[in-house]
Amino acid sequence: MTPPELHVVVPGPIDQRTGGYIYDARIVSGLRELGWSVVVHSVAGAFPDPDSIARSSLIATLAAIPTGRRVVIDGLAMGALPEPVHAEAARLRVLSLVHHPLADETGLDGEARDRFSALERDALSACAGVLVTSAFTARRLERYGVQAERVRAVYPGTDRCRPAVGPGQDVPPALLCVGSVTPRKGHDVLVRALARLRHLPWTCICAGSLASAPGYAEVVHRLIRDGRLDDRVRLIGECDAGRLDALYHHASLFVLPSHYEGYGMALSDALARGLGVVSTTGGAIPHTVPSDAGVLVAPGDDAALAAALRDLLTEPGGGERRAALAAAAGRHAETLPRWDQAALGFAAAVQELTPDGNV
């Protein structure tokens with residue numbers, strides 16, 4: 001019997017170390033393990049605000065895919081390019097994979113948000129269905145005119161990990177933040193919060209790309225210098241899986257001050273290691289982090305973030321509170337789906353949204 005075939009279209013290389021790309025790559029790997037034939041197409045150009053190269057590359061990529069094939073296009077590649085999707089919608093069985101709507105990115109002005117919203121609404125209207133990574137994002141797409149029956153939520157998987165042990169005895173608590181240094185992740189808020197806590201013992205490592213928004217990364221570097229935190233806050237850039245696992249393993253607490261997350265894979269990765277979480281109420285985060293395993297504050301509020309961290313870093317009592325969060329995270333880790341389950345769910349969703357015989 002011919003194995004199911006799927007074409008997956010992503011902007012740039014699929015091996016990039018961000019949550020969205022890791023999700024895409026792990027799903028592709030899982031589908032292949034299930035016996036699917038998966039062809040990955042990397043489109044060139046600038047995204048999500050596409051240039052002429054991006055437009056031409058997406059047009060050529062879709063045109064080269066044989067008629068009748070199933071195609072999943074990462075929303076970052078198609079959200080602002082509805083015309084190529086409409087042009088191929090009658091020939092291909094096109095699905096979109098939306099990690100979060102483009103207009104929800106932090107730092108956009110009103111005009112850019114309205115433009116992205118209108119373009120993505122148009123692009124999604126040309127798709128047979130939409131895959132998302134959380135029920136929160138599925139509900140968010142109602143504002144884009146996507147009917148619920150055309151949406152399937154396939155949550156990210158997690159690997160079974162060794163429990164975090166912290167930095168060791170007689171060592172200050174180690175805070176870990178994982179995420180590309182971009183405005184949406186809120187590193188500036190974190191640094192301002194930590195500047196309020198200079199009198200407490202702690203260190204903080206921020207792991208994630210410094211190249212995605214270099215101007216913003218420089219702002220964060222400047223805040224670190226101005227706050228006299230150079231010896232306590234380190235931006236170490238993008239890490240491979242092994243280095244990242246070691247950072248999680250030796251952390252005391254996970255911190256993610258995002259303004260918005262469509263799911264928050266780094267949060268579930270922390271929970272999978274039994275790490276307590278301090279984060280925000282932005283987007284899907286309250287649905288990803290159980291209330292007993294994390295402390296959530298309003299996005300952008302460095303005073304509230306500092307207060308939450310202070311309670312967990314001040315002794316006596318801070319260590320016990322961290323331990324309680326960690327214990328709850330460990331219990332929740334047992335309920336998190338694995339990546340093989342995510343691949344099975346993705347396969348089922350693709351087949352439901354694009355039944356055989358429908359083009």
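Mean separation of Cα pairs under 8 Å and 6+ residues apart, divided by the residue count of segment 174-333: what relative contact order is that in percent? Write down the numbers at each step before the final one.
Working: 307 pairs, mean separation 39.8, N = 160.
Reported relative contact order: 25 percent.
Using only Cα atoms, locate the centre of segment 161-185 and the centre of segment 1-15, then give the distance between them in Å, rounded to an integer.
33
Starting from the Cα gyration tensor of segment 114-159, multiply each eigenvalue by 5, take the square root, and state the resulting semi-axes largest first in whole Å.
The answer is 21, 12, 9 Å, longest axis first.
In Å and whole numbers, how far do the C-alpha atoms of segment 174-333 stretch along each principal axis, longest first?
Between the extreme Cα coordinates on each principal axis of segment 174-333 lie 39, 32, 29 Å.
Below 12 angstrom from the Cβ of ASP114, what's the summed charge of the other residues (Lys, Arg +1; Asp, Glu -1)?
That works out to 0.
Give, rounded to the nearest 20 debye, the magnitude of the charge dipole that the chain has about its Cα centre when Lys and Arg contribute +1 at Cβ and Asp and Glu contribute -1 at Cβ. Numbers along the way, then the final one.
Numbers: 35 positive and 40 negative charges, 76 e Å.
Using only the charged Cβ atoms, the result is roughly 360 debye.
Between segment 329-359 and segment 80-137, how far is it from one alpha carbon centroid to the other, in angstrom?
21
Applying 1/(1 + (r/R0)^6) with R0 = 45 Å to the Cβ-Cβ distance of HIS287 and GLU5, what FRET efficiency is obtained, to the nearest 0.05?
0.85
Given contacts defined as C-alpha pairs under 8 Å and at least six residues apart, what's the relative contact order of the chain, whole-number percent?
Here the relative contact order equals 17 percent.
Can you work out ³J(HN,Hα) from phi for every residue in segment 90-103, in order, using Karplus 6.51 cos²θ - 1.76 cosθ + 1.60 and θ = phi - 60°, giving whole Hz and x for Gly and Pro?
Working through the residues one at a time gives 7, 9, 10, 9, 9, 10, 9, 10, 9, 7, 6, x, 4, 5 Hz.
Can you check what the net charge comes to around ARG338, using other residues whose Cβ is under 9 Å from the Cβ of ARG338 (Lys, Arg +1; Asp, Glu -1)?
-1
To the nearest 10 degrees, how steeply does helix 214-226 sit against the main Cα axis of the chain, on a 0 to 90 scale?
0
So if we plug the beta-carbon distance of ARG55 and SER29 into 1/(1 + (r/R0)^6) with R0 = 22 Å, what FRET efficiency do we get, rounded to 0.05?
E(calc), rounded to 0.05, equals 0.15.
Long-range amide H contacts for VAL255: which residues qualify at under 5 Å (H placed 1.01 Å from N, peptide plane, sequence gap of 5 or more or a different chain)?
LEU176, CYS177, VAL178, VAL278
Step through the residues of segment 170-184 one at a time and calculate ³J(HN,Hα) from phi using the Karplus curve (6.51 cos²θ - 1.76 cosθ + 1.60, θ = phi - 60°), rounding each to whole Hz and writing x for Gly and Pro.
Those phi angles translate into 6, 10, x, x, 10, 8, 10, 10, 10, x, 4, 7, 10, x, 5 Hz.
Please give the net charge around THR314, taking every other residue with its beta carbon less than 12 angstrom from that of THR314, where Lys and Arg add +1 and Asp and Glu add -1.
Net of charged neighbours comes to 0.
By what distance, in whole Å, do the Cα atoms of segment 192-287 stretch along each of the three principal axes, largest value first?
Result, largest extent first: 35, 29, 28 Å.
What ranking of HIS221, HIS100 emerges when the number of other C-beta atoms within 10 Å of each C-beta is taken as an exposure proxy, fewest first?
Ascending Cβ contact count within 10 Å gives the list HIS221, HIS100.
Once amide H atoms are placed 1.01 Å from N in the peptide plane, what residues at a sequence separation of 5 or more from VAL154, or on another chain, have their amide H within under 5 Å of its amide H?
Here VAL132, THR133, SER134 satisfy the definition.
Please report, in whole Å³, the volume per residue of the convex hull around the C-alpha atoms of the chain.
Hull volume normalised by residue count: 126 Å³.
Mind running the shape call on segment 1-104? Use the C-alpha gyration tensor, a ≥ b ≥ c as the square roots of the eigenvalues: rounded below 1.5 for a/c, prolate if a/b tops b/c, oblate otherwise.
Values: a/c = 1.86, a/b = 1.19, b/c = 1.56.
Oblate, because a/c is 1.5 or more while a/b does not exceed b/c.
Per DSSP H run of at least 4 residues, take -39500 (n - 2.57); add these up for the chain, divide by its residues and hand me the 222 nm value, nearest 500 deg cm²/dmol.
Estimated from H runs of four or more residues: -12000 deg cm²/dmol.
Check which residues have an amide H placed less than 5 Å from CYS239's amide H, if you skip close sequence neighbours.
Placed amide hydrogens put GLY208 under 5 Å from CYS239.
Would you kindly derive the ³J(HN,Hα) couplings of segment 246-260 from the backbone phi angles with the Karplus curve 6.51 cos²θ - 1.76 cosθ + 1.60 (θ = phi - 60°), listing them in order in whole Hz, with x for Gly and Pro?
5, 5, 4, 4, 9, 8, 9, 7, 9, 10, 9, x, 4, 6, 6
Using only the alpha-carbon atoms, how far is helix 52-64 inclined from the longest principal axis of the chain? Give it as 0 to 90 degrees, nearest 10.
It is inclined by approximately 50 degrees.
Working out 0.36 nm times the residue gap between ALA135 and ASP311, then minus their Cα-Cα distance, what length gain in nm do you get to one decimal?
Gain on stretching ALA135 to ASP311: 60.2 nm.
All of the numbers you see were taken from the coordinates with simple rules; none came from a lab. Predicted, not measured: the structure shown is a model, and the values here were computed from it. Every residue, glycine as well, gets a Cβ built from its backbone with ideal geometry; the counts of neighbours run over all protein chains shown.
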